[in-house]
Amino acid sequence: MATFKPIVIFVLGGPGAGKGTQCANIVKEFGYVHLSAGDLLREARASGSPDGQLIESYIKEGKIVPVEITIALLRKAMENSGKDKFLIDGFPRNKDNLEGWEREMGDKSIVKFVLFFDCPEETCMERALKRGASSGRTDDNIESFRKRYQTYLTNTVGIIDYYKAKGLVRTISSIPGPEQVFNEVKKLFNDS
Ligand code: C5P
Ligand code: MG
């Protein structure tokens, strides 16, 4: 018997590359459910989860939280949504994330492609610091940004390369403003 599998698009890019902004646009126009791993971790921290302190220390240091925590949050959010098309933003960010996903969800979902927002460090930094003025995030400051960007280079770029080798990466430059970037995103979603 064929079992039903939800469709997943992973959304990756450096901190401040515009992942969240574009995901919000995609949700409005293409009806996906947006699940941001970072948002789910911040919510878990705020809800007084026993992992709260650990999550906060990882976020502040720009490190990647152990996958057991993140994947449990993602799975719960996927199940609770009752939907079957997901944009998973900011995941998988390192080898631990990727292995956890493949172990737990590899045969229970279909990864349609990886949407990669390509953005140089200076642009990412400007955006993250600008967001920091109003986001209330403990990691939108210059010290945390530098650590997050380093984590991106050391850990996430290799994951993007892994999916590139599988022919699954769709790259969009996110140097232009959000409207122009969304025009490119629309072309991609209309064609797929
Ligand atoms: O994607 P976002 O910038 O919201 O992520 C914020 C922080 O959340 C990351 O720097 C990291 O500490 C944590 N995170 C994580 N694992 C993920 C996604 C985010 O540990 N897969
Ligand atoms: Mg985000």
Defining a contact as two alpha carbons under 8 Å apart and six or more residues distant in sequence, what relative contact order in percent does the chain show? 35 percent
Scoring the range 1-66 by relative contact order with C-alpha pairs under 8 Å, at least six apart, yields a percentage of 13 percent
Karplus-derived 3J(HN,Hα) from phi for the range 135-146 (6.51 cos²θ - 1.76 cosθ + 1.60, θ = phi - 60°), whole Hz, x at Gly and Pro, runs 6, x, 6, 7, 10, 8, 10, 4, 5, 5, 4, 4
Under a 10 Å cutoff between Cα atoms, tell me which one of Ser134, Ser57, Ser36 has the largest fluctuation in the Gaussian network model of the chain. Ser134
For the chain, what does the helix formula give at 222 nm: sum of -39500 (n - 2.57) over DSSP H segments with n ≥ 4, over the residue count, nearest 500 deg cm²/dmol? -17000 deg cm²/dmol
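Using the Kirkwood radius built from alpha carbon pairs, what does the Stokes-Einstein equation give as D for the range 106-164 at 10 °C and 1.306 mPa s, in µm² per second?
Details: Rh = 13.3 Å.
Once the numbers are plugged in, D ends up at 120 µm²/s.
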Please name whichever of Asn80, Ser144, Tyr163 sits farthest to the positive end of the charge dipole of the chain, dipole taken about the Cα centre and charges placed at Cβ: Lys and Arg +1, Asp and Glu -1. Asn80
Could you work out the percent of alpha carbon pairs in the chain separated by over 31 Å, rounded to a whole number? 12 percent
What is the magnitude of the charge dipole of the chain about its Cα centre, with +1 placed on the Cβ of each Lys and Arg, -1 on the Cβ of each Asp and Glu, and no other charges, expressed in debye to the nearest 20? 240 debye
What ranking, highest mean first, results for peptides 184-191, 93-100 when packing means the other Cβ atoms within 10 Å averaged over each residue? 93-100, 184-191
If we count other beta carbons within 10 Å of each Cβ, what is the order of Glu122, Glu43, fewest first? Glu122, Glu43
If we count every other residue with Cβ under 12 angstrom of Val67's Cβ, Lys/Arg +1 and Asp/Glu -1, where does the sum land? -1
Can you tell which of Gly106, Val65, Ala24 lies farthest toward the positive end of the dipole of the range 1-116, using +1 and -1 charges on the Cβ of basic and acidic side chains (Lys, Arg; Asp, Glu)? Ala24
Just to be sure I follow: if Rg is taken over the C-alpha atoms of the range 15-104 and Rh is the Kirkwood radius over the same atoms, what is Rg/Rh? 0.96
Going by Cα centres, the range 124-180 and the range 1-26 are how many Å apart? 14 Å
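We did not get these values from a lab; they are worked out from the coordinates using the rules stated. Note that the structure is a prediction, hence the values are computed from the model and not measured. All Cβ positions, glycine included, derive from the backbone under ideal geometry; neighbour counts span all protein chains shown.
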